[in-house]
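The values are calculated or read from the model by the stated rules, or taken from the named source; none is laboratory data. Keep in mind the model is a prediction, meaning the values are calculated, not measured. We place every Cβ from the backbone using ideal geometry, glycine too, and count neighbours over all the protein chains shown.
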Amino acid sequence: MKLATLANASVVHTRRWVEHFRARGHDVRVFSLQPGWTEPGAGGLGRAAGGADSMIRLPALPLPGVLRYPLSVPRLRRELERFRPDVVDAHFVPNYGLMGALSGFRPLSVAAWGSDLLVTASAGALLQNARARFVLERAALVLCDAANLAEAARRAGADPARVRTISWGVDRALFRPAAGREPGLLLSTRMHEDVYDLATVIEGAARVLAAHPHARLVLAGDGSRRAALERLAASRLPRDRHRFVGRLAPAELAGWLARAGVYLSASRSDSTSQSLLEAMAAGALPVVSDIEGNREWVVEGGEGERLGQARLFAPGDASALAGAVERALADPAWSDRARLRNAAVIAARGDWHMNLARIEDCFEALAQGRPLPRAEPA
């Protein structure tokens, strides 16, 4: 099967996606306005089967995104004419989804990533809502990784019969517990952008570090807010007990999560959080904001066959975050139960290979002109 993946090639999620389908024997070509992943020794997105270029860098004019992406469509259309894909696989509704819809190539699969529908298209702006509807009405398949995102897609104009709720999941061979866990290691792996509210993480961690002399905070990831967050951390946290480690390769990220005592996320909006699933698989105790996307995977206090265990706090409340960390650190018996429960939930619902196989079945159906496979519980 020939897949034309339209996505931000600098994002590690794109790399994992492409490498999975390529390993399955499919001919995957990436079309992106951003440069490809350049981790040394990783192979990147460089060459496809037969030596063909596996990534086509599209022109990125110095214009706002609302113009920059559509203006790249003529070049995209010419490249797709050469490649003749069986399926166009577009990621993120307002930009690459729009390009896929404008290209005229079908069948089109559009993967929503969360903020494209939960934030952008729900903000009430006429242009954003119209753009989302234009894209979703032309998609033969709309992939959503959470029930709240699937509902947002339907509200935005997606045909319910074409929506499939499938989390990407995590590679359990990579994200798994390690022997040497550090209980006082608080770890954030979210990108440094406003929606992830790392300022609340830092303020909450300041209270925890003050009460626990051996605790420390490590922040992985990068983004537009990094410099401001580094200044905030320098003013609020002991110099030798916090660290920014930047964007990590998957194996490095898995290593940090395997030895972290607590995983922190103060996100104000999310569908299924990949980083939450990675933490659950690796055994880091989730202390996360009490939002709908997180509650699809974890609960505090109750039991549920499909739900893991976490400590939850109100979004934006640093004091509540600190209290949630204290509850996690103070109850070793709960911690042990939570780690076992979270691993079982990931094995049942969040396995990368199992979930990507379901997505592959959907792509095969589109390529062969067959009905989509029956929707299964997320």
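A compact table of results
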{"quantity": "Checking Arg339 against (1) within 24 Å of the chain's Cα centre (by Cα); (2) among the charged types (D, E, K, R); (3) surrounded by fewer than 21 Cβ atoms within 10 Å (Cβ to Cβ); (4) under 26 Å from Trp113 (Cα atoms), the condition it does not meet", "calculated": "(4)"}
{"quantity": "Matching option when the condition is touching a residue at least 12 places away in the same chain (Cβ under 8 Å) and under 22 Å from Leu149 (Cα atoms), among Leu257, Leu277", "calculated": "Leu277"}
{"quantity": "Lone unmet requirement of (1) touching a Ser or Thr at 6+ places or on another chain (Cβ under 8 Å); (2) in a loop (DSSP other than H, G, I, E, B) for Ser271", "calculated": "(1)"}
{"quantity": "Long-range neighbours under 7 Å by Cβ, at least six apart or interchain, first residue assigned by TED's automatic domain parsing to the domain that holds Leu126 and buried (at least 22 other Cβ atoms within 10 Å of the Cβ) within region 138-160, second at pLDDT below 95 and aromatic (Phe, Trp, Tyr)", "calculated": "Asp145/Trp168"}
{"quantity": "Listing of strands (runs of 3 or more DSSP E) fully contained in region 93-168 that carry 3 or more residues being within 23 Å of Pro59 (Cα to Cα)", "calculated": "108-111"}
{"quantity": "Residue within region 220-238 that is of a type outside the set (Gly, Ala, Ser) and under 22 Å from Ser271 (Cα atoms) present", "calculated": "yes"}
{"quantity": "Residue that is assigned by TED's automatic domain parsing to the domain that holds Pro315, of a type in the set (Lys, Arg), closer than 21 Å to Glu278 by Cβ and in contact (Cβ under 8 Å) with a residue 24 or more places away in the chain, where the choices are Arg236, Arg225, Arg247, Arg176", "calculated": "Arg247"}
{"quantity": "Matching residues, region 284-301, being small (Gly, Ala, Ser), in a loop (DSSP other than H, G, I, E, B) and buried (at least 24 other Cβ atoms within 10 Å of the Cβ)", "calculated": "Ala284"}
{"quantity": "Test: residue in region 120-132 that is β-branched (Val, Ile, Thr) and either at pLDDT 95 or above or over 21 Å from the mean Cα position of the chain (by Cα) (or both)", "calculated": "no"}
{"quantity": "Asp270 being at pLDDT below 95 and either surrounded by 24 or more Cβ atoms within 10 Å (Cβ to Cβ) or within 21 Å of Arg327 (Cα to Cα) (or both)", "calculated": "yes"}
{"quantity": "Unique match (being on the phi > 0 side of the Ramachandran plot and modelled with pLDDT of 95 or more) among Gly283, Gly323, Gly301", "calculated": "Gly283"}
{"quantity": "Of all residues in region 178-190 being part of a loop (DSSP other than H, G, I, E, B) and modelled with pLDDT of 95 or more, the one that is nearest to Leu117 (Cα to Cα)", "calculated": "Arg190"}
{"quantity": "Single match in Val88, Val135, Val93 (criterion: aliphatic (A, V, I, L, M), closer than 30 Å to Ala251 by Cα and at pLDDT 95 or above)", "calculated": "Val88"}
{"quantity": "Tally of residues being surrounded by 16 or more Cβ atoms within 10 Å (Cβ to Cβ), part of a helix (DSSP H, G or I) and of a type in the set (Lys, Arg) across region 191-235", "calculated": "2"}
